[in-house]
Amino acid sequence: MAQETPQGGSGARGPEGQQTLSNLLQESRRFAPPAELAAAANVKADAYDEAAADRLAFWERQAGRLQWERPWDTVLEWDAPFAKWFTGGTLNAAVNCVDRHVAAGRGDRVAYYWEGEPGDARVITYAELQDLVNQAANALTELGVAKGDRVAIYMPMIPETVVAMLACARIGAPHMVVFGGFSADALRGRIDDSDASVVITADGGYRRGAPSALKPNVDEAVKDRPGVRTVLVVRRTGQEVAWTEGRDVWWHDVVERQSTEHTAEAHDAEHPLYIMYTSGTTAKPKGILHTTGGYLTQVAWSHWAVFDLKPETDVYWTAADIGWVTGHSYIVYGPLANGATSVMYEGTPDTPHRGRWWELVAKYGVTILYCAPTAIRTFMKWGDEVPAQHDLSSLRLLGSVGEPINPEAYVWYRHHIGGDRTPVVDTWWQTETGAIMVSPLPGVTEGKPGAAMRPLPGISADVVDDQGAPVPNGGGGFIVVSEPWPSMLRGIWGDDQRYRDTYWSRFEGLYFPGDGAKRDEDGDIWLLGRVDDVMLVSGHNISTTEVESALVSHPKVAESAVVGATDPLTGQAIVAFVILRGEGADDGDALVRELRDHVGASLGPIAKPRQILVVPELPKTRSGKIMRRLLRDVAENRQLGDVTTLTDSTVMELIAAKLPGAK
Ligand code: WT7
């Protein structure tokens, strides 16, 4: 992956790894856990030692949180790089997420407070969820779906999406959820690769105040695909849909007439639970395979530990789409396995107004909120007064995921959303890891803005140099995982060689996630973004994250993206794109000078951007990650690469218009 960097910056990461700038190490703000939370925390400091003393015994105890039909014989079979966890054990993920809570007398507990974008709402208890899942499982069986068959799910954020996933899990048909914002082409590629025979979709969903169609994309994706026998369609918006007789069926026709009884079979611990394709900015998407027992163990434990979940009293909200792994692990499987009450919201944060999230927090009394830095920076840009108009006093814990969180965004989040009461847990993980790997523990860790801190108990992660040797405190390099973990990917669907090549060939015997990282003087870990995003300026490795965080720490900057552009003098030069806080802010030369000096003052003169462009928007993937590749194209005056995975392809025109010399 690093080899794909056009500037070849990766080759120079060896000894220079030690030369990374040290600004982040100078971040001195510390936030101790609130005393009350710490005293009642689910996980205390002794968990680290307990897990370190016997890692497998630790995970074995966590597997005991689940209901097993048959206990496992062996905790871990490790035939590197292929892991099998809890072999010999059998269980059913849907039973663990739903039925056992009902059987234990908690059927009346709310599983989801669901809110549609137009303001329609549904409250679904565990008992109701059980009926819905059983009906859907019966319907899938009637439609000929058998254990092992792959089912594609292309849906808006509605309760039926969760029901469909759990129905698949119940009958042992691996689901393959494709984010509803993806195109027909993306959907077709994933259907082809996973060989799915059924697609579950909806007429559409609500986005930005209007119905947004999904069914036409499915029609487009599966025409000439006789392998897709059935398209099961939920009516959500009432939009008109084209209909292919013999292939298309309405959810309300086949699911609602089914029995609410269904006897679940227990599946092997290693039975495939789902495939999730990673976005992959350049290459063909990889079908990441997750299985049942280990995955459910780690998502359940991590959700309980990292969010200090008290299922009886908390109202938990992961504000992400189910089409991402964040949604799989922390909207569906983790919260349900723990019997939690969750909020699920269909739409965009600014519909019908920019306070929609905060209105939802107040309405449902949300206690734990988990979202991405890109959302936090957007709220910063919209202004402090928006959340200030809402009662956010129910919140007791905040989480962040998806990108490094800039220290300033962390502090803003904690102050303006968390009222300075709430710990912020910056959780590092990936689609491939299945669950959180590096994160503070809210009742234990003294938080540092911008640091993901330490591997969770039971996780062996480290920061290593170019040769794979652990770096000392104060050193920089790459994050790696050195021991198998229960929710690790079991491979890439249909491509074992690619699995080895991508994750296990960079360092002998170590899992390589592809992220840069460093260890500060206390030994705490800071994630520095994808290794492709590290710049080499006059022989110094500088991470885009560091410069971006320096820019965001200036009071006038809401968001920034930094890239390295080829430069005849310095090898690479830093080019920064910034969005200012508040509307109509001045973007003149004086401000640009001020920002350059500000970066120079916080990071040292070497990190001063050669160029700073004030832009109205940044190019982002649909999961909210900045596409620096396209900005590099702009900075180097190249023709733009593939823009099809952008949320909004007109953004690049707006940015190009800001370039010197643009008409
Ligand atoms: C990549 C994985 C994890 C679920 C959502 C994204 C980046 C994720 C953090 C964090 C710094 C982070 C990494 C990682 N990332 N969380 N807390 N700090 N970087 O899943 O799409 O598979 O992306 O997101 O670069 O490798 P994904």
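What are the residues in the stretch 449-506 that are within 16 Å of the ligand (Cβ to nearest atom), among the small types (Gly, Ala, Ser) and outside any strand (DSSP E or B), if any?
Correct list: GLY450, ALA451, ALA452, SER487, GLY491.
Which residues, taken from the stretch 255-269, are under 33 Å from the mean Cα position of the chain (by Cα) and crowded, with 17+ Cβ neighbours inside 10 Å?
Hits for the stretch 255-269 are VAL255, HIS262, ALA264, ALA266, HIS267, ASP268, ALA269.
With the requirement that a residue be more than 23 Å from PRO156 (Cβ to Cβ) and either aliphatic (A, V, I, L, M) or open to solvent by 10 Å² or more (accessible area, probe 1.4 Å) (or both), what does the stretch 331-376 give you? It would help to see each step written out before you state the result.
Quick first cut of the stretch 331-376, residues more than 23 Å from PRO156 (Cβ to Cβ) only: 337-339, 362, 365, 367-368, 373, 376.
The answer is ALA337, ASN338, ALA362, GLY365, THR367, ILE368, ILE376.
Given the condition farther than 25 Å from SER602 by Cα and more than 13 Å from the ligand (Cβ to nearest atom), answer yes or no: does some residue in the stretch 422-436 qualify?
Within the stretch 422-436 (the criterion being farther than 25 Å from SER602 by Cα and more than 13 Å from the ligand (Cβ to nearest atom)), the answer is yes, since at least one residue qualifies.
Can you run down the residue pairs with Cβ atoms below 8 Å, 6 or more apart or on separate chains, where the first is in the stretch 624-636 and in contact (Cβ under 8 Å) with a residue 24 or more places away in the chain and closer than 15 Å to VAL531 by Cβ and the partner is away from the ligand (no atom under 16 Å from the Cβ) and open to solvent by 10 Å² or more (accessible area, probe 1.4 Å)?
Pairs found: ARG629/GLY641; ARG632/PRO6; ARG632/ARG638.
What is the one condition in (1) over 21 Å from GLY624 (Cβ atoms); (2) assigned to a strand (DSSP E or B) that VAL343 does not satisfy?
It fails just one condition, (1).
Working only within the stretch 146-200, note down all residues that are aliphatic (A, V, I, L, M) and touching a Lys or Arg at 6+ places or on another chain (Cβ under 9 Å). Steps first, please.
Of all residues in the stretch 146-200, those aliphatic (A, V, I, L, M) come to 146, 151-153, 155, 157-158, 162-167, 169, 171, 173, 176-178, 184, 186-187, 191, 196, 198-200.
Across the stretch 146-200, the qualifying residues are ALA152, MET155, ILE158, ILE171, ALA173, MET176, VAL178, ILE191, ALA196, VAL198.
Report, by residue number, each residue of the stretch 300-328 that is more than 28 Å from PHE182 (Cβ to Cβ) and assigned to a helix (DSSP H, G or I). If you could, list the steps in order and put the result at the bottom.
In the first step, residues of the stretch 300-328 are kept if they are more than 28 Å from PHE182 (Cβ to Cβ); the result is 300-301, 304-315.
Scanning the stretch 300-328 gives ALA300, TRP301, TRP304, ALA305, VAL306.
Within the stretch 97-112, how many residues are within 24 Å of the chain's Cα centre (by Cα) and either in a loop (DSSP other than H, G, I, E, B) or surrounded by fewer than 24 Cβ atoms within 10 Å (Cβ to Cβ) (or both)? Full working, then the answer.
Residues of the stretch 97-112 within 24 Å of the chain's Cα centre (by Cα): 97-98, 111-112.
From what is left, the residues that are either in a loop (DSSP other than H, G, I, E, B) or surrounded by fewer than 24 Cβ atoms within 10 Å (Cβ to Cβ) (or both) are 112.
Selection size over the stretch 97-112: 1.
Listed residues THR374, THR378; which is among the polar types (S, T, N, Q), more than 16 Å from the ligand (Cβ to nearest atom) and in a helix (DSSP H, G or I)?
THR378
Of all residues being open to solvent by less than 10 Å² (accessible area, probe 1.4 Å) and within 22 Å of VAL438 (Cβ to Cβ) in the stretch 409-425, which is nearest to the chain's Cα centre (by Cα)? Just the residue, please. Show your work before the answer.
First, the residues of the stretch 409-425 that are open to solvent by less than 10 Å² (accessible area, probe 1.4 Å): 409-410, 413, 417-418, 422, 424-425.
Okay, now just the ones that are also within 22 Å of VAL438 (Cβ to Cβ), so 409-410, 413, 418, 422, 424-425.
Working: ALA409: 18, TYR410: 17, TYR413: 18, GLY418: 21, THR422: 21, VAL424: 16, VAL425: 14 Å.
Per the stated criteria, the residue is VAL425.
Looking at (1) open to solvent by 50 Å² or more (accessible area, probe 1.4 Å); (2) over 22 Å from the mean Cα position of the chain (by Cα); (3) over 27 Å from VAL563 (Cβ atoms), which is the only condition TRP493 fails?
Only one criterion is unmet by TRP493, namely (2).
So, in the stretch 409-422, of the ones that are touching a helix residue (DSSP H, G or I) at 6+ places or on another chain (Cβ under 7 Å) and in contact (Cβ under 8 Å) with a residue 12 or more places away in the chain, which residue ends up farthest from LEU489 (Cα to Cα)?
Within the stretch 409-422, the subset touching a helix residue (DSSP H, G or I) at 6+ places or on another chain (Cβ under 7 Å) is 409, 412-413, 416-417, 420, 422.
Narrowing further to those that are in contact (Cβ under 8 Å) with a residue 12 or more places away in the chain: 409, 412-413, 416-417, 422.
Values: ALA409: 31, TRP412: 34, TYR413: 32, HIS416: 37, ILE417: 34, THR422: 32 Å.
Among them, the one singled out is HIS416.
Across the stretch 524-537, what is the number of residues that are away from the ligand (no atom under 11 Å from the Cβ) and closer than 14 Å to PHE478 by Cα?
Restricting attention to the stretch 524-537, the residues satisfying the condition of being away from the ligand (no atom under 11 Å from the Cβ) are 524, 534-537.
From what is left, the residues that are closer than 14 Å to PHE478 by Cα are 524, 534.
Total satisfying the criteria: 2.
Within the stretch 620-650, restricting attention to residues that are more than 16 Å from the ligand (Cβ to nearest atom), within 23 Å of GLY402 (Cβ to Cβ) and outside any helix (DSSP H, G or I), which residue is least open to solvent (accessible area, probe 1.4 Å)?
Looking at the filtered set, the residue picked out is GLY641.
Name every residue in the stretch 28-84 that is in a loop (DSSP other than H, G, I, E, B), of a type in the set (S, T, N, Q) and in contact with a strand residue (DSSP E or B) (Cβ under 8 Å, 6 or more places away or on another chain), in order of residue number.
Within the stretch 28-84, the first condition is being in a loop (DSSP other than H, G, I, E, B), and the residues that meet it are 28-30, 32-34, 40-45, 54, 64-69, 71-73, 80-81.
Narrowing the set further to residues that are of a type in the set (S, T, N, Q) leaves 28, 42, 67.
Listed by number, the list holds a single entry, GLN67.
If a residue counts only when it is open to solvent by 20 Å² or more (accessible area, probe 1.4 Å) and among the hydrophobic types (A, V, I, L, M, F, W, C), which strands (runs of 3 or more DSSP E) contained entirely in the stretch 116-208 have at least 1 such residues? Break it down stepwise before answering.
Values: elements: 121-125, 151-154, 175-177, 198-202, 204-207.
In the stretch 116-208, 121-125 are the strands (runs of 3 or more DSSP E) which contain 1 or more residues that are open to solvent by 20 Å² or more (accessible area, probe 1.4 Å) and among the hydrophobic types (A, V, I, L, M, F, W, C).
I'd like the full set of residues that are under 17 Å from GLY287 (Cβ atoms) and open to solvent by less than 10 Å² (accessible area, probe 1.4 Å), limited to the stretch 496-513.
TYR499, TYR503
Residue-by-condition table, conditions (1) within 16 Å of the ligand (Cβ to nearest atom); (2) in contact with a Gly (Cβ under 7 Å, 6 or more places away or on another chain):
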residue	(1), (2)
GLY509	no, no
ARG519	yes, yes
GLY539	no, no
GLU548	yes, no
VAL552	yes, no
LYS556	no, no
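Across the stretch 578-601, what is the total count of residues that are within 18 Å of MET380 (Cβ to Cβ) and in contact (Cβ under 8 Å) with a residue 24 or more places away in the chain?
Total meeting the criteria: 10.
ALA388: open to solvent by 30 Å² or more (accessible area, probe 1.4 Å), among the hydrophobic types (A, V, I, L, M, F, W, C) and at pLDDT 95 or above, yes or no? Lay out the reasoning, then the answer.
On the way: open to solvent by 30 Å² or more (accessible area, probe 1.4 Å): yes; among the hydrophobic types (A, V, I, L, M, F, W, C): yes; at pLDDT 95 or above: yes.
In short, yes.
Which members of the stretch 388-401 meet the condition of being farther than 13 Å from TYR330 by Cα and within 16 Å of the ligand (Cβ to nearest atom)?
Restricting attention to the stretch 388-401, the residues satisfying the condition of being farther than 13 Å from TYR330 by Cα are 388-398.
Matches in the stretch 388-401: LEU397, LEU398.
Touching a residue at least 40 places away in the same chain (Cβ under 8 Å), in a helix (DSSP H, G or I) and of a type in the set (D, E, K, R) - does that describe any residue in the stretch 396-408? Reasoning before the result, please.
Quick first cut of the stretch 396-408, residues touching a residue at least 40 places away in the same chain (Cβ under 8 Å) only: 396-397, 399, 401-408.
From the residues that got through so far, the ones that are in a helix (DSSP H, G or I) too are 407-408.
Add one more test, that the residue is of a type in the set (D, E, K, R), and what stays is 408.
Scanning the stretch 396-408 turns up at least one residue that is touching a residue at least 40 places away in the same chain (Cβ under 8 Å), in a helix (DSSP H, G or I) and of a type in the set (D, E, K, R).
Can you tell which of ALA451, ALA375, ALA461, ALA409 is in contact with a strand residue (DSSP E or B) (Cβ under 6 Å, 6 or more places away or on another chain) and closer than 22 Å to ALA558 by Cα? Give the steps one after another, and end with the answer.
On the way: ALA375 fails: in contact with a strand residue (DSSP E or B) (Cβ under 6 Å, 6 or more places away or on another chain); ALA461 fails: closer than 22 Å to ALA558 by Cα; ALA409 fails: in contact with a strand residue (DSSP E or B) (Cβ under 6 Å, 6 or more places away or on another chain).
Selected residue: ALA451, the only one of ALA451, ALA375, ALA461, ALA409 that is in contact with a strand residue (DSSP E or B) (Cβ under 6 Å, 6 or more places away or on another chain) and closer than 22 Å to ALA558 by Cα.
What about ARG354, is it within 16 Å of the ligand (Cβ to nearest atom) and touching a residue at least 24 places away in the same chain (Cβ under 8 Å)? Spell out how you get there, then give the answer.
Details: within 16 Å of the ligand (Cβ to nearest atom): no; touching a residue at least 24 places away in the same chain (Cβ under 8 Å): yes.
Taking the combined requirement at face value, the residue does not satisfy it.
Go through the stretch 541-571 and count every residue that is open to solvent by 10 Å² or more (accessible area, probe 1.4 Å) and part of a strand (DSSP E or B).
Within the stretch 541-571, residues that are open to solvent by 10 Å² or more (accessible area, probe 1.4 Å) and part of a strand (DSSP E or B) number 3.
Any idea which of TYR333, TYR295, TYR316 is among the aromatic types (Phe, Trp, Tyr), within 16 Å of the ligand (Cβ to nearest atom) and in contact with a Pro (Cβ under 8 Å, 6 or more places away or on another chain)?
Details: TYR333 fails: in contact with a Pro (Cβ under 8 Å, 6 or more places away or on another chain); TYR316 fails: within 16 Å of the ligand (Cβ to nearest atom).
Criteria check complete, one pass: TYR295.
Taking the condition of being in contact with a Gly (Cβ under 8 Å, 6 or more places away or on another chain) and either within 15 Å of GLU142 (Cβ to Cβ) or buried (at least 19 other Cβ atoms within 10 Å of the Cβ) (or both), how many residues in the stretch 234-250 meet it?
First, pick out the residues of the stretch 234-250 that are in contact with a Gly (Cβ under 8 Å, 6 or more places away or on another chain): 236-237, 239.
Still in the running and either within 15 Å of GLU142 (Cβ to Cβ) or buried (at least 19 other Cβ atoms within 10 Å of the Cβ) (or both): 236-237.
Residues that pass the stated criteria total 2.
The values are calculated or read from the model by the stated rules, or taken from the named source; none is laboratory data. Please read these numbers as outputs of a predicted model, since none were measured by experiment. No Cβ is skipped: glycine too gets one built from the backbone with ideal geometry, and neighbour counts run over all protein chains shown. Only protein heavy atoms, including side chains, enter the accessible area calculation; ligands, DNA and RNA are left aside. Shrake-Rupley method; radii C 1.70, N 1.55, O 1.52, S 1.80 Å.
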